[in-house]
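Before any comments, here is the structure.
The values are calculated or read from the model by the stated rules, or taken from the named source; none is laboratory data. Keep in mind that this is a model prediction, so the values were computed, not measured. Virtual Cβ from ideal backbone geometry, glycine too; neighbours counted across all protein chains shown. To get the accessible areas, we keep the full protein, side chains included, count just its heavy atoms, and leave off ligands, DNA and RNA. Shrake-Rupley method; radii C 1.70, N 1.55, O 1.52, S 1.80 Å.
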Amino acid sequence: VQTEFITKKGNRIDLVIFADDFLLCIENKINALIYNDLEDYSTTIDSLAKYQNLPTFKILLSKNRVEISNGFINLRYSDFIETLKDNLV
């Protein structure tokens, strides 16, 4: 797990998780606008995954539903919390 992962262009991804069989990128937005260069994030993650032959998952974690691209999916905190509750023992 690495926080503030530096991209090819010098931007910082909030959280990158390197697992044995996948690579997970999470950009966390609570109240801030989405001004980040998600294309740079996506390119950086895809390059790392290609080098290791891994699938990638790119998540924009936010309070509200937002339109995004570049391979990211939007996951709202409320949905995330519900999924956690449903899967905790």
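Assorted remarks:
- Measuring nothing but protein heavy atoms, the accessible surface of the chain at 1.4 Å probe radius is 54 percent carbon and sulfur.
- Fraction of antiparallel bridges per DSSP, region 1-80 only, in percent to nearest 5: 40
- Non-local Lys pairs in the chain, i.e. 8 or more apart or on different chains, that have alpha carbons under 17 Å apart: 5
- Of the trypsin sites (Lys or Arg not before Pro) in region 15-89, the ones in a loop by DSSP (not H, G, I, E or B) with at most 12 other beta carbons within 10 Å are K63, R65.
- Filtered GluC sites (Glu not before Pro), region 1-86: DSSP coil and at most 14 other beta carbons within 10 Å: E67
- Using Cβ point charges alone (K and R +1, D and E -1), the dipole size of region 24-73 about the Cα centre works out to roughly 240 debye.
- In a DSSP loop and with at most 15 other Cβ atoms within 10 Å, the chymotrypsin sites (Phe, Trp or Tyr not before Pro) in region 3-37 are F22, Y35.
- Binned Cα-Cα distances of the chain, short to long, each 5 Å bin given as a whole percent: 3, 14, 24, 25, 19, 10, 5, 1, 0
- Once the 1.4 Å probe is applied to the protein heavy atoms, the chain comes out at 68 Å² accessible per residue.
- Stretch gain in nm, segment I17-N87, where the contour uses 0.36 nm per residue and the Cα spacing is subtracted: 23.2 nm
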